[in-house]
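Step one of this worksheet: look at the structure below.
The values are calculated or read from the model by the stated rules, or taken from the named source; none is laboratory data. Predicted model, so just to flag it, every value in this text is computed and none were measured. Counting neighbours? That spans all protein chains shown, and the Cβs are built from the backbone with ideal geometry, glycine included. Surface areas here come from the heavy atoms of the whole protein model, side chains and all, with no ligands, DNA or RNA. Shrake-Rupley method; radii C 1.70, N 1.55, O 1.52, S 1.80 Å.
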Amino acid sequence: MYFVMDLKKEYNIVYHVYIPIEYAILAYFYYLNINNRKVRTCIAYSVPLYLFASICLSIYLVPVTEHPGLNFNLSGTLLITWSVIALLSIQPVMNFSIAATPIFWIAVGVLVFHSGIFFFNSAFRHIQAMNSVLATQLFTLIIKGLNYFLYFSFIIAFLCSQRMKKYILL
């Protein structure tokens, strides 16, 4: 029981490590799926710059024992940008709906998730200082709800990718 309680108390440390890894993976995904050379170059440079910025934020501004809202928002701002560019770059396929493409669902999921948590992340530390119970309830409601949306959109993207493979092979 003590281990579980201790783990709940220290989940912020996991976020400080997870967010940069998630950004690098999603940035790489967008790098592979956006054909514009200038955008791809920006994405490639953004990964080490973001990793450096995130480490600096975690060391100097947001202690690893606190929620890394700034790290998340910086990552989210970049991912929202890549998502919008990806959505605007989708090449139509004859007799195939744009909503049936995997990139559409991944970009929409990332866009909705990071747009939805942006303001909450900014206010979380202030809400937590005023009312930690309310902050925890809001965190659970907002973050988990948007996480479900993100994961469902990823599932749909994987299903669409299988469907596209079958369509292309025919």
Nearest 20 debye, what's the magnitude of the dipole of the chain about its Cα centre given +1 on Lys and Arg Cβ and -1 on Asp and Glu Cβ? 520 debye
Assuming 1.002 mPa s and 20 °C, estimate D for region 20-62 with Stokes-Einstein, Rh taken as the Kirkwood radius over Cα pairs, in µm²/s. 197 µm²/s
Using Kirkwood radius over Cα pairs in Å as the read-out, say which of [x] 20.2; [y] 16.5; [z] 17.5 was calculated from these coordinates. [z]
For region 10-31, list residues with backbone N below 19 Å from a point placed 7 Å from the Cα of L61 toward its Cβ? 12-24
Out of the total accessible area of the chain (probe 1.4 Å, heavy atoms of protein only), what percent is carbon and sulfur? 72 percent
Counting other Cβ atoms within 10 Å, keep those with at most 11, restrict to DSSP loop, and tell me which GluC sites (Glu not before Pro) in region 6-72 are left. E10
Could you tell me the relative contact order of the chain? Use alpha-carbon pairs under 8 Å, at least six residues apart, and round to a whole percent. 22 percent
By the DSSP-based rule, helices of the chain that are at least 24 Å long along the axis (C-alpha) and have a mean Kyte score of at least -0.5 are 11-33, 37-56, 69-88, 102-130, 132-169
Counting heavy atoms of the protein chains only and a 1.4 Å probe, report the per residue accessible area for region 37-107 as a whole number of Å². 55 Å²
